[in-house]
Amino acid sequence: MPLRPIKPSRLELVVIIALAESYGAALYRDARFIPVIDFIADEGAVALVQRVMYGALPDQDNSDDCPPATAEDNARLADLLPEAWISTTLN
């Protein structure tokens, strides 16, 4: 059974459309976007926006620090999507 619903929500579609408008065919042709597509498939497009804009939340042990691997994932996703970040802040 898939983790994500088969039919995306309207908000998920809005995020994917915004990415497609920002990056065009490169979104599915360019190998550098594979982590982005994988993240959307595993966690959802809304979760991607949250990770890129705010980073991952720390573990549930009330620590303010994210594990190093999670912090690296946050930075990698944000670095892959600078044009999308700019377009969301200008609208």
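The values are calculated or read from the model by the stated rules, or taken from the named source; none is laboratory data. Predicted model, so just to flag it, every value in this text is computed and none were measured. Every residue, glycine as well, gets a Cβ built from its backbone with ideal geometry; the counts of neighbours run over all protein chains shown.
Let's see how each residue does on (1) loosely packed, with under 13 Cβ neighbours inside 10 Å; (2) part of a helix (DSSP H, G or I):
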position: ILE6; (1), (2): yes, no
position: LEU11; (1), (2): yes, yes
position: ILE16; (1), (2): no, yes
position: LEU19; (1), (2): no, yes
position: LEU27; (1), (2): no, yes
position: ILE34; (1), (2): yes, yes
position: ASP38; (1), (2): yes, yes
position: ASP42; (1), (2): yes, yes
position: GLN50; (1), (2): no, yes
Of all residues in segment 55-91, which are farther than 22 Å from LEU27 by Cα and at pLDDT 70 or above? THR70, ALA71
Between a residue in segment 40-53 that is on the phi > 0 side of the Ramachandran plot and any residue that is in a helix (DSSP H, G or I), which pairs come within a Cβ distance under 8 Å, given they are 6 or more apart or on different chains? GLY44/GLU12
